[in-house]
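Everything on this sheet refers to the single structure shown next.
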Amino acid sequence: MKRTVIIDALKRTDFGTDVNIKGWVRTRRGNKSVSFIALNDGSTINNIQIVVDNEKFGDEYLKPITTGACISVVGKLVESMGKGQTVEVQADEIEIYGTADPDTYPLQKKGHTLEFLREIAHLRPRTNTFGAVYRVRHHMAMAIHRFFHERGFFYVHTPIITGSDCEGAGQMFQVTTLNLKNPPKDDLGCIDYSEDFFGKETSLTVSGQLEGELAAMALGAIYTFGPTFRAENSNTPRHLAEFWMIEPEVAFNEIEENMQLAQDFIQYCIRWALDNCKDDLEFLSKMYDEELLERLNFVIANDFVRLTYTEGIKILEEAIAKGQKFEFPVSWGTDLQSEHERYLVEKHFKKPVILTDYPKEIKSFYMKQNDDGKTVRAMDVLFPKIGEIIGGSQREENLEKLQQRAEEMGVPHKDIWWYLDTRRFGTAPHSGFGLGFERLLLFVTGMTNIRDVIPFPRTPNNADF
Ligand code: 4AD
Ligand code: MG
(Lines give C-alpha, C1' and ligand atoms only; values in the text may rest on other atoms or scores of the structure.)
(Ligands and ions follow the chains in the order given, each with its own letter.)
Protein backbone atom coordinates (compact mmCIF):
# COMPACT_ATOMS: atom_id res chain seq x y z
CA MET A 1 0.00 0.00 0.00
CA LYS A 2 1.22 3.50 -0.80
CA ARG A 3 2.51 5.35 2.23
CA THR A 4 0.72 8.49 3.43
CA VAL A 5 2.88 11.15 5.05
CA ILE A 6 1.56 12.32 8.40
CA ILE A 7 1.06 15.94 7.39
CA ASP A 8 -1.37 14.70 4.70
CA ALA A 9 -3.00 12.03 6.85
CA LEU A 10 -3.87 14.61 9.51
CA LYS A 11 -5.81 16.65 6.95
CA ARG A 12 -7.89 13.77 5.65
CA THR A 13 -11.55 13.24 6.44
CA ASP A 14 -12.24 10.05 4.46
CA PHE A 15 -12.66 8.05 7.64
CA GLY A 16 -12.77 4.30 7.29
CA THR A 17 -10.11 4.21 4.56
CA ASP A 18 -7.01 2.07 5.05
CA VAL A 19 -3.74 3.98 5.24
CA ASN A 20 -0.08 3.15 5.63
CA ILE A 21 1.88 5.38 7.99
CA LYS A 22 5.60 5.12 8.67
CA GLY A 23 7.58 6.96 11.28
CA TRP A 24 9.45 7.05 14.56
CA VAL A 25 7.76 6.45 17.88
CA ARG A 26 7.70 9.52 20.08
CA THR A 27 5.82 7.94 22.98
CA ARG A 28 3.85 4.85 23.75
CA ARG A 29 1.37 4.80 26.58
CA GLY A 30 -1.82 2.98 27.42
CA ASN A 31 -3.15 0.22 29.61
CA LYS A 32 -3.40 -3.54 29.60
CA SER A 33 -5.73 -3.73 26.63
CA VAL A 34 -4.89 -0.77 24.44
CA SER A 35 -1.74 1.15 23.45
CA PHE A 36 -1.50 4.67 22.08
CA ILE A 37 1.54 5.35 19.96
CA ALA A 38 2.45 8.91 19.02
CA LEU A 39 4.16 8.59 15.65
CA ASN A 40 6.14 11.27 13.84
CA ASP A 41 7.66 11.16 10.36
CA GLY A 42 9.19 14.63 10.20
CA SER A 43 6.69 16.01 7.68
CA THR A 44 5.11 18.09 10.44
CA ILE A 45 5.63 18.82 14.09
CA ASN A 46 2.31 17.07 14.79
CA ASN A 47 2.22 13.38 15.62
CA ILE A 48 -0.45 10.97 14.50
CA GLN A 49 -1.93 8.69 17.10
CA ILE A 50 -1.87 4.98 16.42
CA VAL A 51 -4.37 3.00 18.47
CA VAL A 52 -3.33 -0.59 19.09
CA ASP A 53 -5.41 -3.47 20.41
CA ASN A 54 -2.76 -5.19 22.55
CA GLU A 55 -4.44 -8.55 22.43
CA LYS A 56 -4.45 -8.60 18.63
CA PHE A 57 -0.64 -8.30 18.43
CA GLY A 58 0.44 -9.76 21.76
CA ASP A 59 2.58 -8.06 24.43
CA GLU A 60 5.72 -9.82 23.26
CA TYR A 61 5.37 -8.38 19.75
CA LEU A 62 4.60 -4.89 20.97
CA LYS A 63 7.33 -4.75 23.60
CA PRO A 64 10.09 -3.31 21.37
CA ILE A 65 7.83 -0.47 20.22
CA THR A 66 9.38 2.11 22.51
CA THR A 67 10.45 5.74 22.09
CA GLY A 68 12.76 6.03 19.08
CA ALA A 69 11.73 2.80 17.36
CA CYS A 70 10.76 2.98 13.69
CA ILE A 71 7.56 1.29 12.53
CA SER A 72 5.22 0.96 9.59
CA VAL A 73 1.53 0.76 10.36
CA VAL A 74 -1.38 -0.24 8.18
CA GLY A 75 -4.76 0.56 9.60
CA LYS A 76 -8.04 2.39 9.39
CA LEU A 77 -8.14 6.18 9.45
CA VAL A 78 -10.75 7.15 12.03
CA GLU A 79 -12.04 10.34 13.56
CA SER A 80 -10.37 10.89 16.89
CA MET A 81 -12.27 11.30 20.14
CA GLY A 82 -9.11 12.40 21.93
CA LYS A 83 -8.30 16.00 22.64
CA GLY A 84 -5.90 17.87 20.33
CA GLN A 85 -6.15 15.63 17.31
CA THR A 86 -8.70 15.09 14.58
CA VAL A 87 -7.69 11.76 13.12
CA GLU A 88 -6.04 8.61 14.35
CA VAL A 89 -5.21 5.20 12.97
CA GLN A 90 -6.50 1.88 14.27
CA ALA A 91 -3.66 -0.52 13.64
CA ASP A 92 -4.27 -3.73 11.70
CA GLU A 93 -0.66 -4.51 10.87
CA ILE A 94 2.53 -3.23 12.46
CA GLU A 95 5.94 -3.87 11.00
CA ILE A 96 8.91 -2.99 13.17
CA TYR A 97 11.74 -1.57 11.05
CA GLY A 98 14.13 -0.74 13.87
CA THR A 99 14.07 -0.85 17.64
CA ALA A 100 15.70 1.65 20.03
CA ASP A 101 16.80 0.08 23.28
CA PRO A 102 15.43 2.30 26.06
CA ASP A 103 18.54 1.65 28.13
CA THR A 104 20.82 3.21 25.53
CA TYR A 105 18.64 5.46 23.32
CA PRO A 106 19.55 8.95 24.55
CA LEU A 107 16.31 10.70 23.65
CA GLN A 108 13.81 9.76 26.25
CA LYS A 109 10.42 11.31 26.62
CA LYS A 110 11.20 14.87 27.58
CA GLY A 111 13.29 17.47 29.31
CA HIS A 112 16.62 17.45 27.51
CA THR A 113 18.61 20.69 27.59
CA LEU A 114 19.73 22.29 24.33
CA GLU A 115 23.31 21.86 25.54
CA PHE A 116 22.83 18.12 25.94
CA LEU A 117 21.17 17.90 22.53
CA ARG A 118 24.20 19.58 20.92
CA GLU A 119 26.26 16.61 22.09
CA ILE A 120 23.93 14.28 20.21
CA ALA A 121 23.54 16.43 17.11
CA HIS A 122 23.11 13.24 15.06
CA LEU A 123 19.87 12.44 16.88
CA ARG A 124 18.55 15.86 17.82
CA PRO A 125 16.56 16.27 14.57
CA ARG A 126 14.19 13.73 16.11
CA THR A 127 13.14 16.18 18.80
CA ASN A 128 10.25 18.58 18.28
CA THR A 129 12.54 21.56 18.65
CA PHE A 130 15.07 20.55 16.03
CA GLY A 131 12.47 19.15 13.68
CA ALA A 132 10.87 22.60 13.78
CA VAL A 133 14.20 24.41 13.32
CA TYR A 134 15.21 22.21 10.37
CA ARG A 135 11.86 22.75 8.65
CA VAL A 136 12.02 26.50 9.17
CA ARG A 137 15.58 26.48 7.83
CA HIS A 138 14.37 24.79 4.68
CA HIS A 139 11.51 27.23 4.22
CA MET A 140 13.82 30.19 4.68
CA ALA A 141 16.17 28.87 1.99
CA MET A 142 13.18 28.51 -0.35
CA ALA A 143 11.99 32.02 0.49
CA ILE A 144 15.41 33.44 -0.31
CA HIS A 145 15.57 31.83 -3.72
CA ARG A 146 12.01 32.86 -4.50
CA PHE A 147 12.58 36.45 -3.43
CA PHE A 148 15.51 36.91 -5.76
CA HIS A 149 14.10 34.83 -8.60
CA GLU A 150 10.87 36.85 -8.58
CA ARG A 151 12.94 40.03 -8.89
CA GLY A 152 15.08 38.86 -11.81
CA PHE A 153 18.26 38.13 -9.85
CA PHE A 154 20.47 35.28 -11.03
CA TYR A 155 21.88 32.73 -8.60
CA VAL A 156 25.66 32.57 -8.99
CA HIS A 157 27.90 29.86 -7.54
CA THR A 158 31.10 31.40 -6.28
CA PRO A 159 34.12 29.29 -5.34
CA ILE A 160 34.69 27.83 -1.90
CA ILE A 161 38.45 27.60 -2.35
CA THR A 162 40.04 30.97 -2.95
CA GLY A 163 43.36 32.75 -3.14
CA SER A 164 42.10 36.09 -1.79
CA ASP A 165 40.83 37.39 1.53
CA CYS A 166 37.70 39.38 0.70
CA GLU A 167 37.26 40.92 4.12
CA GLY A 168 41.00 41.36 4.67
CA ALA A 169 40.57 40.27 8.26
CA GLY A 170 43.04 37.40 8.10
CA GLN A 171 40.54 34.92 9.47
CA MET A 172 40.91 32.27 6.81
CA PHE A 173 41.25 28.51 7.02
CA GLN A 174 44.07 27.32 4.84
CA VAL A 175 43.56 24.62 2.22
CA THR A 176 46.62 22.57 1.42
CA THR A 177 47.82 19.16 0.30
CA LEU A 178 51.37 19.81 1.46
CA ASN A 179 52.85 17.39 3.94
CA LEU A 180 52.57 19.42 7.11
CA LYS A 181 55.22 17.33 8.84
CA ASN A 182 57.80 18.24 6.22
CA PRO A 183 56.61 21.05 3.93
CA PRO A 184 58.82 22.18 1.03
CA LYS A 185 60.77 25.35 1.82
CA ASP A 186 62.19 28.10 -0.39
CA ASP A 187 65.64 29.67 -0.10
CA LEU A 188 64.47 31.96 2.70
CA GLY A 189 63.10 29.05 4.71
CA CYS A 190 59.45 29.95 4.02
CA ILE A 191 56.95 27.33 2.95
CA ASP A 192 57.08 26.94 -0.84
CA TYR A 193 53.48 27.03 -1.93
CA SER A 194 54.42 26.66 -5.59
CA GLU A 195 54.55 22.97 -4.76
CA ASP A 196 51.06 23.01 -3.22
CA PHE A 197 48.04 21.63 -5.08
CA PHE A 198 47.08 24.95 -6.69
CA GLY A 199 50.64 26.19 -7.00
CA LYS A 200 49.85 28.96 -4.53
CA GLU A 201 48.53 29.55 -1.04
CA THR A 202 44.76 28.97 -0.86
CA SER A 203 42.01 29.12 1.76
CA LEU A 204 38.32 28.56 2.32
CA THR A 205 36.38 31.66 1.34
CA VAL A 206 35.09 34.16 3.89
CA SER A 207 32.65 35.63 1.35
CA GLY A 208 31.55 35.20 -2.25
CA GLN A 209 31.32 38.93 -2.76
CA LEU A 210 34.35 39.61 -4.94
CA GLU A 211 33.35 36.96 -7.46
CA GLY A 212 29.71 38.04 -7.05
CA GLU A 213 30.70 41.55 -8.14
CA LEU A 214 32.27 40.14 -11.30
CA ALA A 215 28.97 38.49 -12.16
CA ALA A 216 26.92 41.61 -11.31
CA MET A 217 29.09 43.59 -13.75
CA ALA A 218 27.71 41.35 -16.48
CA LEU A 219 24.34 39.97 -15.38
CA GLY A 220 23.16 43.08 -13.55
CA ALA A 221 21.58 41.59 -10.47
CA ILE A 222 22.92 38.42 -8.87
CA TYR A 223 23.00 36.67 -5.53
CA THR A 224 25.14 33.99 -3.99
CA PHE A 225 23.99 31.56 -1.31
CA GLY A 226 26.70 29.32 0.00
CA PRO A 227 28.88 28.28 2.89
CA THR A 228 31.53 30.68 4.14
CA PHE A 229 34.28 30.09 6.67
CA ARG A 230 35.86 32.24 9.31
CA ALA A 231 38.57 31.22 11.71
CA GLU A 232 37.60 33.87 14.23
CA ASN A 233 38.23 32.48 17.64
CA SER A 234 35.14 34.03 19.15
CA ASN A 235 33.08 31.59 21.12
CA THR A 236 29.85 33.58 21.12
CA PRO A 237 26.21 32.57 20.63
CA ARG A 238 26.27 34.44 17.30
CA HIS A 239 29.45 33.20 15.59
CA LEU A 240 30.14 30.05 13.64
CA ALA A 241 33.36 29.03 11.90
CA GLU A 242 31.23 27.68 9.04
CA PHE A 243 28.07 29.58 8.20
CA TRP A 244 25.90 30.22 5.18
CA MET A 245 25.70 33.63 3.62
CA ILE A 246 23.40 35.20 1.04
CA GLU A 247 25.08 37.97 -0.93
CA PRO A 248 23.12 39.96 -3.50
CA GLU A 249 25.05 42.37 -5.71
CA VAL A 250 23.35 44.85 -8.01
CA ALA A 251 24.82 46.97 -10.78
CA PHE A 252 23.74 50.64 -10.71
CA ASN A 253 22.31 50.43 -7.18
CA GLU A 254 23.41 53.15 -4.81
CA ILE A 255 23.39 52.77 -1.06
CA GLU A 256 19.76 53.92 -0.66
CA GLU A 257 18.52 51.21 -3.03
CA ASN A 258 20.76 48.72 -1.28
CA MET A 259 19.11 49.58 2.05
CA GLN A 260 15.65 49.21 0.58
CA LEU A 261 16.58 45.85 -0.94
CA ALA A 262 17.86 44.66 2.44
CA GLN A 263 14.65 45.68 4.18
CA ASP A 264 12.37 44.20 1.50
CA PHE A 265 14.40 41.00 1.54
CA ILE A 266 14.29 40.39 5.28
CA GLN A 267 10.62 41.32 5.51
CA TYR A 268 9.78 38.94 2.67
CA CYS A 269 11.59 36.08 4.40
CA ILE A 270 9.87 36.72 7.72
CA ARG A 271 6.46 37.00 6.10
CA TRP A 272 7.18 33.70 4.35
CA ALA A 273 7.98 32.08 7.69
CA LEU A 274 4.76 33.36 9.23
CA ASP A 275 2.76 32.07 6.25
CA ASN A 276 4.47 28.71 5.81
CA CYS A 277 5.83 27.64 9.19
CA LYS A 278 2.90 28.39 11.45
CA ASP A 279 2.84 25.17 13.47
CA ASP A 280 6.59 25.14 13.98
CA LEU A 281 6.78 28.80 14.96
CA GLU A 282 3.91 28.42 17.39
CA PHE A 283 5.66 25.49 18.98
CA LEU A 284 8.98 27.35 19.25
CA SER A 285 7.21 30.37 20.65
CA LYS A 286 5.47 28.30 23.29
CA MET A 287 8.68 26.53 24.25
CA TYR A 288 11.25 29.30 24.20
CA ASP A 289 9.97 32.77 23.51
CA GLU A 290 6.43 33.99 24.07
CA GLU A 291 7.05 37.22 22.17
CA LEU A 292 8.39 35.53 19.05
CA LEU A 293 5.37 35.95 16.78
CA GLU A 294 4.75 39.47 17.99
CA ARG A 295 8.35 40.38 17.18
CA LEU A 296 8.17 38.83 13.71
CA ASN A 297 4.94 40.66 12.94
CA PHE A 298 6.40 43.90 14.22
CA VAL A 299 9.41 43.68 11.93
CA ILE A 300 7.35 43.15 8.80
CA ALA A 301 5.02 46.02 9.68
CA ASN A 302 7.62 48.73 10.29
CA ASP A 303 10.27 50.49 8.23
CA PHE A 304 13.81 50.10 9.48
CA VAL A 305 15.30 53.26 10.99
CA ARG A 306 18.16 54.67 8.93
CA LEU A 307 20.93 56.75 10.43
CA THR A 308 24.66 57.26 10.14
CA TYR A 309 27.29 55.67 12.33
CA THR A 310 28.18 59.18 13.55
CA GLU A 311 24.59 59.77 14.67
CA GLY A 312 24.56 56.34 16.29
CA ILE A 313 27.71 57.11 18.27
CA LYS A 314 26.14 60.36 19.45
CA ILE A 315 23.09 58.53 20.78
CA LEU A 316 25.29 56.01 22.59
CA GLU A 317 27.45 58.74 24.10
CA GLU A 318 24.36 60.57 25.31
CA ALA A 319 23.07 57.36 26.85
CA ILE A 320 26.35 56.83 28.66
CA ALA A 321 26.20 60.41 29.95
CA LYS A 322 22.77 59.57 31.37
CA GLY A 323 24.10 56.52 33.19
CA GLN A 324 23.79 53.67 30.66
CA LYS A 325 26.58 51.12 31.28
CA PHE A 326 28.39 49.19 28.55
CA GLU A 327 31.17 46.65 28.86
CA PHE A 328 33.09 48.15 25.92
CA PRO A 329 33.91 51.87 25.47
CA VAL A 330 32.23 53.96 22.77
CA SER A 331 33.94 56.68 20.77
CA TRP A 332 33.94 57.81 17.15
CA GLY A 333 36.21 55.45 15.24
CA THR A 334 35.68 52.29 17.27
CA ASP A 335 33.71 49.35 15.96
CA LEU A 336 30.34 48.85 17.61
CA GLN A 337 29.95 45.84 19.86
CA SER A 338 26.80 43.79 19.89
CA GLU A 339 25.74 45.46 23.19
CA HIS A 340 25.87 48.87 21.48
CA GLU A 341 23.96 47.67 18.44
CA ARG A 342 21.30 46.14 20.63
CA TYR A 343 20.99 49.29 22.70
CA LEU A 344 20.19 51.30 19.58
CA VAL A 345 17.70 48.71 18.35
CA GLU A 346 16.06 47.49 21.54
CA LYS A 347 16.22 50.47 23.86
CA HIS A 348 16.52 53.59 21.77
CA PHE A 349 14.58 53.08 18.54
CA LYS A 350 12.74 49.84 19.37
CA LYS A 351 12.95 49.00 15.67
CA PRO A 352 15.50 47.44 13.32
CA VAL A 353 18.17 49.98 12.42
CA ILE A 354 20.35 50.48 9.36
CA LEU A 355 23.58 52.24 10.26
CA THR A 356 25.55 53.79 7.39
CA ASP A 357 28.75 55.69 6.69
CA TYR A 358 31.19 54.00 9.05
CA PRO A 359 34.80 55.14 9.57
CA LYS A 360 36.87 53.70 6.75
CA GLU A 361 39.45 52.20 9.13
CA ILE A 362 36.99 49.66 10.55
CA LYS A 363 35.53 48.56 7.20
CA SER A 364 36.82 46.59 4.21
CA PHE A 365 38.90 47.99 1.36
CA TYR A 366 36.19 47.70 -1.30
CA MET A 367 33.67 50.13 0.20
CA LYS A 368 32.94 53.39 -1.59
CA GLN A 369 34.76 56.31 -0.02
CA ASN A 370 32.75 59.35 0.95
CA ASP A 371 33.90 62.87 0.11
CA ASP A 372 34.69 63.61 3.77
CA GLY A 373 37.80 61.42 3.46
CA LYS A 374 36.90 59.71 6.74
CA THR A 375 33.91 57.49 6.13
CA VAL A 376 32.81 54.85 3.64
CA ARG A 377 29.39 54.03 2.29
CA ALA A 378 28.90 50.97 4.49
CA MET A 379 25.57 49.75 5.82
CA ASP A 380 24.94 47.35 8.67
CA VAL A 381 21.42 46.16 9.45
CA LEU A 382 20.96 45.74 13.19
CA PHE A 383 18.23 43.55 14.64
CA PRO A 384 16.68 43.03 18.03
CA LYS A 385 18.20 40.08 19.94
CA ILE A 386 20.83 39.62 17.23
CA GLY A 387 22.77 42.82 16.62
CA GLU A 388 24.31 42.79 13.13
CA ILE A 389 22.32 40.61 10.76
CA ILE A 390 23.48 42.17 7.48
CA GLY A 391 26.72 43.86 6.46
CA GLY A 392 27.06 45.56 3.11
CA SER A 393 27.98 48.69 1.20
CA GLN A 394 28.08 50.61 -1.99
CA ARG A 395 31.31 49.56 -3.69
CA GLU A 396 34.22 51.77 -4.72
CA GLU A 397 33.98 51.90 -8.50
CA ASN A 398 36.97 54.19 -9.04
CA LEU A 399 40.09 52.17 -9.84
CA GLU A 400 42.65 54.55 -8.30
CA LYS A 401 40.73 54.98 -5.07
CA LEU A 402 40.13 51.24 -4.80
CA GLN A 403 43.77 50.41 -5.45
CA GLN A 404 44.91 52.93 -2.89
CA ARG A 405 42.59 51.54 -0.22
CA ALA A 406 43.61 47.94 -0.96
CA GLU A 407 47.24 48.97 -0.57
CA GLU A 408 46.62 50.81 2.68
CA MET A 409 44.76 47.81 4.08
CA GLY A 410 47.37 45.30 3.00
CA VAL A 411 45.39 43.49 0.29
CA PRO A 412 47.99 42.58 -2.36
CA HIS A 413 47.10 43.63 -5.93
CA LYS A 414 48.43 40.34 -7.23
CA ASP A 415 45.64 38.53 -5.35
CA ILE A 416 42.86 40.71 -6.71
CA TRP A 417 44.06 41.84 -10.16
CA TRP A 418 40.97 40.23 -11.69
CA TYR A 419 38.70 42.13 -9.28
CA LEU A 420 40.44 45.39 -10.10
CA ASP A 421 39.83 44.67 -13.81
CA THR A 422 36.10 45.30 -13.31
CA ARG A 423 37.05 48.90 -12.51
CA ARG A 424 39.35 49.04 -15.53
CA PHE A 425 36.76 47.81 -17.98
CA GLY A 426 33.28 49.31 -17.92
CA THR A 427 33.16 50.17 -14.25
CA ALA A 428 29.79 51.19 -12.77
CA PRO A 429 28.30 52.17 -9.45
CA HIS A 430 27.05 49.07 -7.65
CA SER A 431 26.09 47.83 -4.21
CA GLY A 432 25.48 44.66 -2.30
CA PHE A 433 25.33 43.06 1.10
CA GLY A 434 25.68 39.81 2.98
CA LEU A 435 23.01 38.27 5.19
CA GLY A 436 24.16 35.66 7.66
CA PHE A 437 21.67 32.84 7.14
CA GLU A 438 21.99 31.51 10.68
CA ARG A 439 21.55 35.00 12.15
CA LEU A 440 18.30 35.28 10.23
CA LEU A 441 17.29 31.87 11.56
CA LEU A 442 18.07 32.94 15.12
CA PHE A 443 15.67 35.81 14.66
CA VAL A 444 12.94 33.78 12.98
CA THR A 445 13.02 30.78 15.32
CA GLY A 446 13.67 32.68 18.54
CA MET A 447 16.53 30.33 19.37
CA THR A 448 19.31 32.13 21.22
CA ASN A 449 22.39 30.11 20.32
CA ILE A 450 23.57 29.94 16.70
CA ARG A 451 24.69 26.34 17.32
CA ASP A 452 21.01 25.41 17.45
CA VAL A 453 19.98 26.68 14.01
CA ILE A 454 22.52 24.79 11.87
CA PRO A 455 22.48 20.99 11.78
CA PHE A 456 26.15 20.45 12.57
CA PRO A 457 27.79 23.55 14.01
CA ARG A 458 31.47 24.23 13.51
CA THR A 459 32.94 26.29 16.35
CA PRO A 460 36.35 26.44 18.06
CA ASN A 461 37.29 22.94 19.28
CA ASN A 462 34.16 21.45 17.77
CA ALA A 463 33.94 19.67 14.45
CA ASP A 464 32.16 16.49 15.46
CA PHE A 465 29.58 14.78 13.29
O1 4AD B 1 29.66 41.85 7.60
P2 4AD B 1 30.28 40.71 6.87
O3 4AD B 1 31.65 40.30 7.27
O4 4AD B 1 30.22 41.14 5.32
C5 4AD B 1 30.75 40.44 4.29
O6 4AD B 1 31.28 39.35 4.33
C7 4AD B 1 30.55 41.12 2.96
N8 4AD B 1 31.47 40.52 1.98
C9 4AD B 1 29.11 40.95 2.56
C10 4AD B 1 28.78 41.67 1.27
O11 4AD B 1 28.75 42.89 1.27
N12 4AD B 1 28.53 40.94 0.22
O13 4AD B 1 29.34 39.45 6.97
C14 4AD B 1 28.01 39.52 6.52
C15 4AD B 1 27.07 38.86 7.51
C16 4AD B 1 27.08 39.50 8.88
O17 4AD B 1 26.26 40.63 8.93
C18 4AD B 1 26.52 38.36 9.74
O19 4AD B 1 25.12 38.27 9.62
C20 4AD B 1 27.11 37.15 9.06
O21 4AD B 1 27.46 37.51 7.74
N22 4AD B 1 28.32 36.66 9.75
C23 4AD B 1 28.36 35.57 10.52
N24 4AD B 1 27.40 34.68 10.86
C25 4AD B 1 27.76 33.66 11.66
N26 4AD B 1 29.01 33.45 12.12
C27 4AD B 1 30.01 34.31 11.81
N28 4AD B 1 31.25 34.10 12.24
C29 4AD B 1 29.69 35.43 10.97
N30 4AD B 1 30.41 36.45 10.46
C31 4AD B 1 29.56 37.18 9.72
MG1 MG C 1 30.04 43.02 9.24
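Shown are Ser364, Ser234, whose ranking by accessible area with a 1.4 Å probe and every protein chain present, most to least, is Ser234, Ser364. The packing ranking of peptides 216-225, 97-106, 34-43, highest mean first, is 216-225, 34-43, 97-106, where packing means the average number of other beta carbon atoms within 10 angstrom of each residue. Relative contact order of the stretch 38-175, taken over Cα pairs closer than 8 Å and 6 or more residues apart, is 18 percent.
Computed from Cα positions, the angle between helix 209-219 and the longest principal axis of the chain comes to roughly 90 degrees. Applying the Karplus relation 6.51 cos²θ - 1.76 cosθ + 1.60 with θ = phi - 60° to the stretch 252-258 yields 3J(HN,Hα) values of 6, 6, 9, 4, 5, 5, 5 Hz, where x marks Gly and Pro.
The orientation-averaged shadow of the Cα convex hull for the chain, equal to a quarter of the hull surface, comes to 28.4 nm². Per atom type, the stretch 388-462 shows carbon and sulfur on 51% of its accessible surface, probed at 1.4 Å. When the solvent-accessible area of the stretch 6-106 is split by element, carbon and sulfur atoms take up 50 percent of it, the probe being 1.4 Å. Put a dot 7 Å past the Cα of Asp335, heading toward its Cβ, do the same for Glu195, and the two dots end up 3.6 nm apart. Please list, by residue number, every one of the trypsin sites (Lys or Arg not before Pro) in the stretch 17-112 that is coil in DSSP and has at most 15 other beta-carbon atoms within 10 Å. Filter output for the stretch 17-112: Lys32, Lys83, Lys109, Lys110. Karplus-derived 3J(HN,Hα) values for the stretch 170-177, using 6.51 cos²θ - 1.76 cosθ + 1.60 with θ = phi - 60°, are x, 10, 9, 8, 6, 10, 8, 10 Hz; glycine and proline are entered as x. Here the contact order of the chain, divided by its residue count and restricted to Cα pairs under 8 Å and six or more residues apart, works out to 13 percent. Amide H to amide H, with H built 1.01 Å from N, Ile65 comes under 5 Å of no residue 5 or more places away or on another chain. Within the accessible area of the stretch 318-379, what % is carbon and sulfur when the probe is 1.4 Å and the other protein chains stay in place? Looking at the stretch 318-379 in its full context, I get 48 percent from C and S. Loop-resident chymotrypsin sites (Phe, Trp or Tyr not before Pro) (DSSP state other than H, G, I, E or B) in the stretch 312-345 with no more than 16 further Cβ atoms inside 10 Å of their Cβ: Phe326, Trp332. For the chain, the share of DSSP beta bridges that are antiparallel, to the nearest 5, is 85%.
Working from label points 7 Å from Cα in the Cα-to-Cβ sense, the Arg146 to Asn20 distance is 3.2 nm.
Here the chain is assigned +1 on the Cβ of each Lys and Arg and -1 on the Cβ of each Asp and Glu. Its dipole about the Cα centre then comes out at about 1260 debye. Relative to the longest principal axis of the Cα atoms of the chain, helix 309-321 runs at roughly 70 degrees.
Computed from the C-beta positions of Tyr155 and Asn54 and an R0 of 60 Å, the FRET efficiency is 0.65 to the nearest 0.05. Ranking Arg424, Arg135 from most to least accessible surface, computed with a 1.4 Å probe over the protein chains only, gives Arg424, Arg135. The packing ranking of peptides 437-450, 292-305, 189-202, highest mean first, is 437-450, 292-305, 189-202, where packing means the average number of other beta carbon atoms within 10 angstrom of each residue. With 20 Å as the limit on Cα-Cα distance, the pairs of Lys76/Lys278; Lys278/Lys351; Lys350/Lys385; Lys11/Lys83; Lys22/Lys110; Lys368/Lys401 that go past it are Lys76/Lys278; Lys278/Lys351; Lys22/Lys110. Taking packing as the residue-averaged number of other Cβ atoms within 10 angstrom, the listed peptides 252-260, 455-463 run from highest to lowest as 252-260, 455-463.
Compared with the direct C-alpha span, the chain from Tyr61 to Asp303 gains 81.1 nm at full extension, assuming 0.36 nm per residue. Bridging of Lys185 to aspartates and glutamates at a Cα separation below 12 Å is possible for Glu195, Asp196, once same-chain residues fewer than 8 apart are set aside.
Taking Cα atoms only, the orientation of helix 399-408 departs from the longest principal axis of the chain by about 80 degrees. By a 1.4 Å probe calculation restricted to protein chains, Lys385 has an accessible surface near 100 Å², given to the nearest 10.
Note on Gln324 and Glu408: their simple-model spin labels are 2.9 nm apart, each label 7 Å out from Cα toward Cβ. Each Cα pair under 8 Å and six or more residues apart adds its sequence gap; the mean of these over the residue count of the stretch 6-106 is a relative contact order of 30 percent. Scanning residues 5 or more positions from Ile390 or on other chains, those with amide H under 5 Å from its amide H are Val381, with H placed 1.01 Å from N in the peptide plane. Helical runs assigned H by DSSP (4 residues or longer) give the chain a calculated mean residue ellipticity at 222 nm of -9000 deg cm²/dmol, each run adding -39500 (n - 2.57) before division by the residue total.
Taking every protein chain into account, the accessible area of the chain amounts to 48 square angstrom per residue (probe 1.4 Å).
In this view, the solvent-accessible surface of His149, computed with a 1.4 Å probe and all protein chains in place, comes to about 140 Å².
Using 0.36 nm per residue and subtracting the Cα-Cα separation, the extra length available between Leu219 and Arg3 on full extension is 73.3 nm. For Ile120, neighbours were defined as the other residues whose beta-carbon sits under 14 Å from its Cβ, and their charges (Lys and Arg +1, Asp and Glu -1) total 0.
For Phe154, nonlocal amide neighbours, meaning residues 5 or more places apart or on other chains whose placed amide H falls under 5 Å from its own, are Ala221, Ile222, Tyr223. In this structure, Leu420 and Phe252 have a Cβ-Cβ separation that, at R0 = 22 Å, corresponds to a calculated FRET efficiency of about 0.65.
Compactness ratio for the stretch 6-106: Cα radius of gyration over 2.2 N^0.38 Å (N = residue count) comes to 1.00.
The values are calculated or read from the model by the stated rules, or taken from the named source; none is laboratory data. On a predicted model such as this, the values are computed, not experimentally measured, just so you know. Cβ: placed from backbone, ideal geometry, glycine included. Neighbour counts: every protein chain shown. These accessible areas exclude ligands, DNA and RNA; they are computed on the full protein's heavy atoms, side chains included. Shrake-Rupley method; radii C 1.70, N 1.55, O 1.52, S 1.80 Å.
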